[in-house]
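Each value in this text was obtained by applying a stated rule to the coordinates, not by laboratory testing. Computed from a predicted structure; not experimentally measured. Because the Cβ atoms are built from the backbone with ideal geometry, glycine has one as well, and the counts that use them run over all protein chains shown.
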Amino acid sequence: MTRIYTCNVPIEADVVDAFCWLQKGFTDQFVYYDKQRACRYMGLGRCIALPSLRDVEYEYGEGSPLHEVATGEAASEVAGGAGADQPPVFFSFNRFDATNPAPADELMASFPRLRFMLPEIVLIENERGRFLQVNSLGPVYPGRVARFTRMVAAAPPRQRAVIPFSLEPDSREAWDEAMGAALAAIGEGRVSKVVLSRRLRLVAEHPFSSKDLLVNLIDGDARGTVLLYRYADVFFCGCTPELLVRKRGDAVASMCLAGTCPTGATSAESDALAEALMADGKNRAEHDYVVQLIRSVLDRVCYDVDVPAVPEIMRLAHVQHLYTPARARVLAGVTLTDLMEDLHPTPAVAGTPVGEAKMLLRAIEPYSRGFYAGACGFVDGAGDGEFSVALRTGVFDGEMGYVYGGCGIVASSDADAEYAEIDLKLRTILSAFGA
């Protein structure tokens, strides 16, 4: 049994300002920051990494509103007993295809293969308020809590930076070959859809930090959830629009996101493009593959499943997507991790059937995607949390990096149109450089 000590104190500081102020002292950094709602967790340092959360005991320190030991469901009851308390927050960054034998780029390959990572410090902003969480494998030293509380209170306002860069073009010939292989597999009936990706190398004109990209993503026009995982001097980050699964008690939410068109120069033009997207048979078919899988998973492990029959439009800064929300109540004994593993990868990032599409991607794509299109998120000691699909992302070392984008290929797909769609999607991660 692993025992974790945690202490939570309320703060008034902006959590992003506080994170930027503290981050120089920690090489491991984790962020899950929803720009639309108060679901913001920013971790610094690594207290411990665990393969499972099933045999963990939590003790709330004297600085917390509750000073008590709890495990499993008892941890949830303790945490729910006081509005200012918060169970320990673990971060989890999972690869798209963890057993793919193809090489990842040198940056992605440098991350360790860890499951649940508990930071030493977590800055929290949620429906309960804003908190500083200190985690330890021994009783939390009160002086440490006091010192970090003072540092957080003294955090200056963050500043944005512009980082000029150049992109090395990828091979258009290689893209056409990949499209040909994908369409051939579809024509043979092996798959109905496969999601191809492109990887481009980026070189900056001067050094930049993970903090620079994080601030630009949070304060820029990118919409969705900002992700960051830094290990030593390499970091993976981006801003994804796609929720994979959220769990709070027995309430579960997911999202079907597939089918894409550009935004327009005006609201009226965007409306017209969205109307055409809703009427487009190719995109509606792509979307329906995702709806079918998510509904089937929820029907198997949940009840009161609600998946609307008609999608909506999700409008982002550069693109618009077909979007169907999904809600349910999970059966007793089914964990957030169970749900994540059952749902990921969806046809939106792999194809359909998912298993066959993954094997096809191993043959077509010359690289392992690493965390791109993986399931990234957090889970707390009460078993609640959420995971998003790591789209619109890249991996960097402070001088160069790789950016990723993908699109769904079906029988009627056109190589030129799909290539252009990925260029549109890349604009989100490129906006992290402040342009």
Please tell me the relative contact order of the stretch 310-357 in percent, rounded to the nearest whole number, where contacts are Cα pairs under 8 Å and at least six residues apart.
19
Just want the answer: with Cβ charges of +1 for Lys and Arg and -1 for Asp and Glu, which residue in GLY189, VAL215, PHE235 is farthest toward the dipole's positive end in the stretch 187-239?
GLY189
When only C-alpha pairs under 8 Å and at least 6 residues apart count, what is the relative contact order of the stretch 249-321, in percent?
41
Over 27 Å (Cα to Cα) - which of LYS193/LYS425; LYS35/LYS425; LYS24/LYS425; LYS282/LYS358 fall in this group:
LYS24/LYS425
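Round to the nearest 0.05 the FRET efficiency obtained for SER166 and THR99 when R0 = 41 Å and r is the Cβ-Cβ distance.
So the FRET efficiency works out to roughly 0.75.
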Estimated FRET transfer efficiency (THR335, TYR367; beta-carbon r; R0 45 Å; 0.05)
0.90
Using 14 Å as the cut-off for backbone N distance, which residues of the stretch 106-147 belong to the label zone defined by a point 7 Å from the Cα of ALA232 along Cα→Cβ?
106-113
From Cα pairs below 8 angstrom and at least 6 apart in sequence, can you work out the relative contact order of the stretch 185-237, rounded to a whole percent?
21
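Using unit Cβ charges (K, R positive; D, E negative) and no other charged atoms, how large, in debye to the nearest 20, is the dipole of the chain about its Cα centre?
640
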